[in-house]
1. For region 187-203, how many residues are near the ligand (Cβ under 8 Å from one of its atoms) and more than 11 Å from Ile232 (Cβ to Cβ)?
2. Go through region 262-273 and give me each residue that's open to solvent by less than 70 Å² (accessible area, probe 1.4 Å) and either without any contact (Cβ under 8 Å) to a residue 12 or more places away in the chain or not in a helix (DSSP H, G or I) (or both).
3. Looking only at region 335-345, how many residues end up being open to solvent by 60 Å² or more (accessible area, probe 1.4 Å), of a type outside the set (Lys, Arg) and within 10 Å of the ligand (Cβ to nearest atom)?
4. Residue under question is Phe242, and the condition is that it be open to solvent by 20 Å² or more (accessible area, probe 1.4 Å) and over 19 Å from Gln257 (Cβ atoms); does it hold?
5. Taking the criterion of being crowded, with 24+ Cβ neighbours inside 10 Å and more than 12 Å from the ligand (Cβ to nearest atom), would at least one residue in region 250-261 satisfy it?
6. Which one is farthest from Ser379 (Cα to Cα), of the residues in region 334-354 that are among the aliphatic types (A, V, I, L, M) and part of a helix (DSSP H, G or I)?
7. Name the one entry in Asn331, Asn357 that is part of a loop (DSSP other than H, G, I, E, B) and open to solvent by 30 Å² or more (accessible area, probe 1.4 Å).
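The values are calculated or read from the model by the stated rules, or taken from the named source; none is laboratory data. Owing to the predicted nature of the structure, the values given are computational and were not obtained by experimental measurement. Cβ sites come from the backbone with ideal geometry, for glycine too, and all protein chains shown count toward neighbours. For accessibility, only protein heavy atoms count, side chains too; no ligands or nucleic acids. Shrake-Rupley method; radii C 1.70, N 1.55, O 1.52, S 1.80 Å.
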Amino acid sequence: MAKKKVMVGVTGGIAAYKAADLVSSLVKQDIDVQVIMTEKAESFISPLTFEALSGNPVWQDEFSPGGGLSVPHVQLAEQADLFVIVPATANTLAKLAWGLADNLLSSIALVYNKTLLIAPAMNTNMYNHPAVQENLATLRRRGVRIIEPASGRLACGATGVGKLAPVEDIVAAIRWHLFEPKGLQGKKVIVTAGGTREAIDPVRFIGNRSSGKMGFALAEAAWLRGADVVLISGPVGLAPPFGVTCHYVESAAQMRQLVLDHYEEADIVVKAAAVADYRVANPGTQKIKKTDNDLELLLTKNPDILKELGEKKRHQVLIGFAAETEELLANAQEKLVKKNLDLIVANDVTRQDAGFNADTNEVTLLFPDGKQEPLPLMSKESLAHHIFQVVEQLPRFKRN
Ligand code: PMT
């Protein structure tokens, strides 16, 4: 992400301490953060904390500004790419809804004319009060994005809605708003990730080394680029990407069913999952007992999900991955044609720094017209964005 400027407004609620985590996380992502605190916020957390984390002076009072700006409420508003208020108290929500400008934060909000994100946090009864709900409705109507509070145990001891949304979700929402271009806006993307498991009996399975990293990076990239994303994943140890609808499956048969359920309305399908080509013909219904003899398993062929999608293809853009240990390009080319794909990503999985479980990947893209694009080693996140950048330029994608 290029260096962007985010203003973080902190108001006087107990969740103010979580804004420190947010600022730290944004700074680590190379975002320039300016913190604006209300007077009451200082009762909960020291400005020094934010100064140390952001590396910038903290803005508190527009009449004794410091920090080198003569009219801070105007200059800060003009410089920022995004303004986020975390946490937002009922009092600040009311000021914003009614257009009051009695402190630096509310004054900036009146000058600022780009996207405003607000993460409210307060007691459940306060949050549910019609006055607060009407103020939130007013703000939503004006285009303010509300990051809904979560439910849980609140600082006041009550349990209910009003807890600040998880900081990771707020970071994700900020990244989404900062990310450009939104070339997949209005598009529906299916991504498959991870490896399938084919049962031998209730406790054992045949699996593979896929970690899901490639597929999850693709799902997040598509979401950041504006798509409505469905991620269908085998069992993995990764946190679900924010904003993405996740379905978890075990077997190839379950993955096939879910992919087909979503296929009709999909614009793009990316099959990064490592799907088992075979399953056990007669899996045990009970745990298979050890004997003195060898055990033979009869394997039967699984459906080739991607090939089936290729046969049913109408408007969809289909992208496959080819995980190969030999004859990389020839094998990938054969799969591109056999599965009627618009693009295949040829992945040499013998390497340590590419393919299964690595954080990086080095691949070659193959197209139906015979064009090949070898790519250098890069993070799976960068590769995911590159793939969608390429897809956004495909004539078939542009036509639909
Ligand atoms: O998950 P990671 O640890 O990050 O690793 C990433 C990866 C190595 C799994 C990924 O980059 C990758 O290469 N995925 C494809 C793995 C694979 O199954 O390749 P394949 O050559 O066997 O299959 C070709 C294509 O057909 C794939 O898109 C696959 O999803 C699809 N397929 C395969 C078999 C089958 N029965 N149904 C399918 O849809």
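1. Total satisfying the criteria: 1.
2. Ala266, Asp267, Ile268, Val269, Val270, Lys271, Ala272, Ala273
3. Residues meeting the conditions: 0.
4. yes
5. no
6. Among those residues, the one meeting the criterion is Val337.
7. Asn357
One line per residue, one yes/no per condition, for (1) in contact with a strand residue (DSSP E or B) (Cβ under 9 Å, 6 or more places away or on another chain); (2) at pLDDT 95 or above; (3) not polar (S, T, N, Q):
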{"site": "Trp98", "(1), (2), (3)": "no, yes, yes"}
{"site": "Ala101", "(1), (2), (3)": "no, yes, yes"}
{"site": "Ser107", "(1), (2), (3)": "no, yes, no"}
{"site": "Arg142", "(1), (2), (3)": "yes, yes, yes"}
{"site": "Ile147", "(1), (2), (3)": "yes, yes, yes"}
{"site": "Val171", "(1), (2), (3)": "no, yes, yes"}
{"site": "Val191", "(1), (2), (3)": "yes, yes, yes"}
